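Just so it is clear, none of the values below were taken in a lab; they were calculated from the coordinates. Bear in mind the structure is a predicted one, so any value in this text is a computation, not a measurement. Here the Cβ is made from the backbone with ideal geometry for all residues, glycine too, and neighbour counts use every protein chain on show.
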Amino acid sequence: MKFAVIADIHANSTALDTFFEFEEEYRHLLYLGDMLGYGPEPMKTYATLLHKVETECQGDLDDAFESGDYSAVAEPYRDLAIETMELHKPLFSGEPRLYFKSIPKRAIYDADGLTYTLVHGGPSDWVHGVVSPEATDDELEELMEEVDTDVLIVAHGHVPFLRQVGDKRILNPGSIGQSRDGNPEISFAVVEDGDIEIVRRPYDIEATVSALTEKDLGPETLEKLVHVLRTATDPV
C-alpha cells in the first residue's frame, strides 16, 4: 500500500495544491494537524483538505482555535500565530468551527503489517510536545519507551527527519505550508510497503506572499511571515 503523510499546512493553499498536483497515486492520506495560522487562505485550505484525509490528529493551533492556548508555539512565532489566528477564527462558524474540536489528539493507523502512531507533538504530550531532530539516540530511546507501535509520526517542528530507534522508527514529514529547515519547498512523506521517503517539491512561494500582502496584517508581522516563507528560517 502507498500512502502520504502531511502536516502543518498553515493556511497555505498554494503549497497544499502543489502537494496534490504531485501526489495523486497514494491510496490514503494521513494528516498531523495545524491547518490554520500564518498563511493567507484558511477557508480554501479547509475546503481542499477536509474530505481527502483518511486519518488525522490535532495540532497545537487546532487546539488553540478554541482554547486560546499558544504556549506550545516557539517564541519567534508566537505573536505571528496569535495575530493570524485572530484573523482566521471569525471565518469559521457552524460545522467548520466544530471540526477543530472534533479532531482526535492521537490516531493509530495500520498498513502492511505495521502500526503507526500519529501525534502532532510527542508521546508524552500528544498536541503540544515536540520531538527534536537533534535529539540524541539515548533521548530517543527513552522517548520511544512510551510508544508501543512500529512507527511514531510527529509534526510541530516543521523540520523533516526520519530516525531509526532500535526496531522502531520516528518520522516527521516536515511542513507543507511553512518549512523551517532552510529549504522553503513543501515537505511531506510517502510510505510504500513500509518504506518511508521524505519528499520535497517547489511551489509558487510568491503567490502565497502576494496573498498575504492583501490581509490585514501589521507591517512587522507581514515582513516576518514573508521572511520565513522565502528562507525557511526563523524570523528575526
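Taking Asp112 as meeting all but one of (1) in contact with a helix residue (DSSP H, G or I) (Cβ under 6 Å, 6 or more places away or on another chain); (2) charged (D, E, K, R); (3) surrounded by fewer than 19 Cβ atoms within 10 Å (Cβ to Cβ), write down the number of the exception. For Asp112, the failing item is (1).
Between a residue in the stretch 22-50 that is surrounded by 24 or more Cβ atoms within 10 Å (Cβ to Cβ) and any residue that is hydroxyl-bearing (Ser, Thr, Tyr) and part of a strand (DSSP E or B), which pairs come within a Cβ distance under 9 Å, given they are 6 or more apart or on different chains? The qualifying pairs are Leu30/Thr55; Leu30/Tyr109; Leu30/Tyr116; Tyr31/Thr55.
Looking at the structure I just gave you, is Asp193 exposed (fewer than 15 other Cβ atoms within 10 Å of the Cβ) and either among the polar types (S, T, N, Q) or over 20 Å from the mean Cα position of the chain (by Cα) (or both)? Here the answer is yes, as Asp193 does meet what is asked.
Considering only the stretch 216-227, state which residues are in contact (Cβ under 8 Å) with a residue 60 or more places away in the chain and closer than 25 Å to Phe20 by Cα. Walk me through how you get there before you give the answer.
Taking the stretch 216-227 as the starting set, the residues that turn out to be in contact (Cβ under 8 Å) with a residue 60 or more places away in the chain are 216-218, 221, 224-225.
The one that is in contact (Cβ under 8 Å) with a residue 60 or more places away in the chain and closer than 25 Å to Phe20 by Cα: Leu225.
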